Amino acid sequence: MGRNITDNLRKAARIAWKDSKIYYFSAPTVMMGLFLPVLMFLTFWIGRELSVCEALPGLAALTAFFSGSSIGVTAIALERTKGTFDTQLAMPVSLLTIAFGKAIASFLYGFTITTIPVVVLVFLSQSRIVSPVLLLIGIAFSALASAGLGMALSATARHVHEAMTPLNVIRIPMMFISGLFTPITSLPSFLQGIAYLMPLTHTVSSLQYAILGQWSMETFLVNIGVLALYAVLFLMIAAKRLEKSLEKG
Amino acid sequence: MDAINIDKLTKYYGDLLAVDHISFEVRQGEFFGLLGPNGAGKTTTIRMLTGLLKPTSGTAHIMGIDVVKNPVDVKRQIGVISETANPYLEMSVWDNLMFAGSIHGMPKGRREEQAENLLKLLGIYERRDEKVENFSKGLRKRVTIAIALVHDPPLLFLDEPSAGLDVQSARMIREFLRKLNERGTTIFLTTHYIEEADVLCDRVGIIESGKLVALDSPENLKAANKQAKIVEVSFGSYMRKIEDELAQLPAVDMTKKRGDKIQLYTSDPSQIVQELSKFAEEKNLKIVSINTLTPTLEDAFVELTGFSSLDMERMEQIGRLKKWR
């Protein structure tokens, strides 16, 4: 049992290494990854009377959420188009391990691409944040949930647009009810209920605590727990949908 | 224990029956070919056997392991070279093999040794550090073969291995497969190149509309083919008018153009030879060559499926055009 888990983790790590090499840590993807949060930050910051520190949770939440899912959602569809997904499927590895390995690569990218600009901005603006450690934990779990979402949506996709369209349909409306631009308490009550079900809401809330000290440690722990649950749930859905795709051929 | 044992294997795509309750076994060390026209169910069968597709019903065992219940264990026993599977183009040849070896759980030293041997045998060792995207289709196929064999599997599946390859690459791959089989590896091959199956396979299964319609050695299939007594004649160059006149001879059932030669299908070859010499004398033609041909595997295939290899090539081209569009 223990040996089996170690074996699957080792295989997932190899898949993550391969995906990172091919899709994530190439010069254009890294450049786009760094460019995107800068644009997002400026969109969020310009015209609002916010200090850099006050804008940081929004920047970090959007970057973690968008970068973690954007590339990952294309990886399976691209591999199907290129014929390399069949090569992977012919190897002795379970579908859950494949989904997990791909999610690790997506997570590493999301975590790195979010952490670098946040650290640079904190350093340049001399901002004081409440807890750098909790900030890294918040970014990590947000990137993980986001990577899982990308995997769940792309598992049966044969072309990139088949995965990208549902991803945008889900994540763009999520931005407006996650407490990023408007406090959740100011939303109509039925939207508040939906907002608390959204992973991005928990990303925003956890980062607001880690950077600004808003809310409480208990809320932070609930946020992290919900994000972890979402990551596991999304991975299970990804594996199930991959299995379903094997029935269709 | 059989290398492959299939019992009533069936696959539906919605209402479409793609593979219809097929049953057969492949012995260890055998070179087995599954022949059939496009859409007959060859690829669906091979995808079910390699765990890339779930059967609707029936069972399949690879080296005694159930394909549906233990797909990961099955994949440890097999190498797969599918028409649709490609190496990772963005990675080097060497990295592709190291990745595959590591997923198979091979220690670093062993996978390096195995990769070196395979790449030398396939003639691409010197280019091991190049990205696969720089390679031609034939060289990419060699990389795919190396990936499939890096863990030294006892059973190799090949789906249309020479489709779209130049003559030299196809010949090289056939020679490699023959040597691999001589060394003891069981090979399961699907192809629409009938000659390829004829020269490589110990036994051939013919599949048509999802049903297995024949299963025997190529020689037995040829011998069982009651049609196809053929006399081939050449008058130095082909003339349409002559073929039409030959078709009118009493003993001739059918004629076919084969390059500069004309094939005459008959149930009585000796009668044809007499009629031919009289025909040549009357028309003042010189017979350059005359041969009685034995039935080919293609003749048996045509009789069982109604498709010729030319039909299959056309269908293949139409399929490619549709994909391209």
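The values are calculated or read from the model by the stated rules, or taken from the named source; none is laboratory data. Keep in mind that what you see is a predicted model, and the values were worked out from it rather than measured. We place every Cβ from the backbone using ideal geometry, glycine too, and count neighbours over all the protein chains shown. Accessible surface is based on the protein model in full, side chains and every heavy atom, while ligands, DNA and RNA are left aside. Shrake-Rupley method; radii C 1.70, N 1.55, O 1.52, S 1.80 Å.
The single residue among B:VAL93, B:VAL143 that is touching a Pro at 6+ places or on another chain (Cβ under 8 Å) and more than 28 Å from B:ILE194 (Cα to Cα) turns out to be B:VAL93. So A:VAL226 clears everything in (1) crowded, with 20+ Cβ neighbours inside 10 Å; (2) in contact with a Phe, Trp or Tyr (Cβ under 7 Å, 6 or more places away or on another chain); (3) modelled with pLDDT of 95 or more except one condition, right? Which one? With respect to (1) crowded, with 20+ Cβ neighbours inside 10 Å; (2) in contact with a Phe, Trp or Tyr (Cβ under 7 Å, 6 or more places away or on another chain); (3) modelled with pLDDT of 95 or more, A:VAL226 is out only on (2). Checking each residue in segment A:73-94 for being facing chain B (nearest Cβ under 9 Å), surrounded by fewer than 20 Cβ atoms within 10 Å (Cβ to Cβ) and either within 25 Å of A:VAL30 (Cα to Cα) or touching a Ser or Thr at 6+ places or on another chain (Cβ under 9 Å) (or both) picks out A:LYS82, A:GLY83. Checking B:LEU118, B:LEU53, B:LEU49, B:LEU122 one by one, the residue that is under 24 Å from the mean Cα position of the chain (by Cα), closer than 20 Å to B:LEU156 by Cβ and without any contact (Cβ under 8 Å) to a residue 40 or more places away in the chain is B:LEU118 and no other. Consider segment B:69-108 and keep the residues that are aliphatic (A, V, I, L, M), part of a loop (DSSP other than H, G, I, E, B) and crowded, with 18+ Cβ neighbours inside 10 Å. The one that is farthest from the chain's Cα centre (by Cα) is B:MET106. Any residue in segment B:144-161 that is surrounded by fewer than 21 Cβ atoms within 10 Å (Cβ to Cβ) and touching a Phe, Trp or Tyr at 6+ places or on another chain (Cβ under 7 Å)? Within segment B:144-161 (the criterion being surrounded by fewer than 21 Cβ atoms within 10 Å (Cβ to Cβ) and touching a Phe, Trp or Tyr at 6+ places or on another chain (Cβ under 7 Å)), the answer is no, since none of the residues qualifies.
In the set (1) under 22 Å from A:ILE224 (Cβ atoms); (2) not in a loop (DSSP other than H, G, I, E, B); (3) not hydroxyl-bearing (Ser, Thr, Tyr), A:ASN168 fails one condition alone, (1). So, in segment A:175-186, of the ones that are in contact (Cβ under 8 Å) with a residue 60 or more places away in the chain and among the aliphatic types (A, V, I, L, M), which residue ends up farthest from A:GLY47 (Cα to Cα)? Per the stated criteria, the residue is A:MET175.
Filtering segment B:34-68 to residues that are open to solvent by 40 Å² or more (accessible area, probe 1.4 Å), away from every other protein chain (no Cβ under 13 Å) and at negative phi leaves B:ASN38, B:THR59, B:HIS61.
Does segment B:212-222 contain at least one residue that is crowded, with 21+ Cβ neighbours inside 10 Å and in contact with a helix residue (DSSP H, G or I) (Cβ under 8 Å, 6 or more places away or on another chain)?
Yes, because at least one residue in segment B:212-222 is crowded, with 21+ Cβ neighbours inside 10 Å and in contact with a helix residue (DSSP H, G or I) (Cβ under 8 Å, 6 or more places away or on another chain).
Evaluated against (1) of a type in the set (A, V, I, L, M, F, W, C); (2) open to solvent by 10 Å² or more (accessible area, probe 1.4 Å); (3) in contact (Cβ under 8 Å) with a residue 60 or more places away in the chain, A:PHE65 falls short on exactly one condition, (2). Cβ-Cβ contacts under 6 Å between residues 6 or more apart (or on different chains), taken from a first residue in segment B:93-113 that is within 21 Å of A:ILE98 (Cα to Cα) and more than 9 Å from every other protein chain (Cβ to nearest Cβ) to a second residue that is basic (Lys, Arg) and assigned to a helix (DSSP H, G or I), are listed as B:GLY101/B:ARG111.
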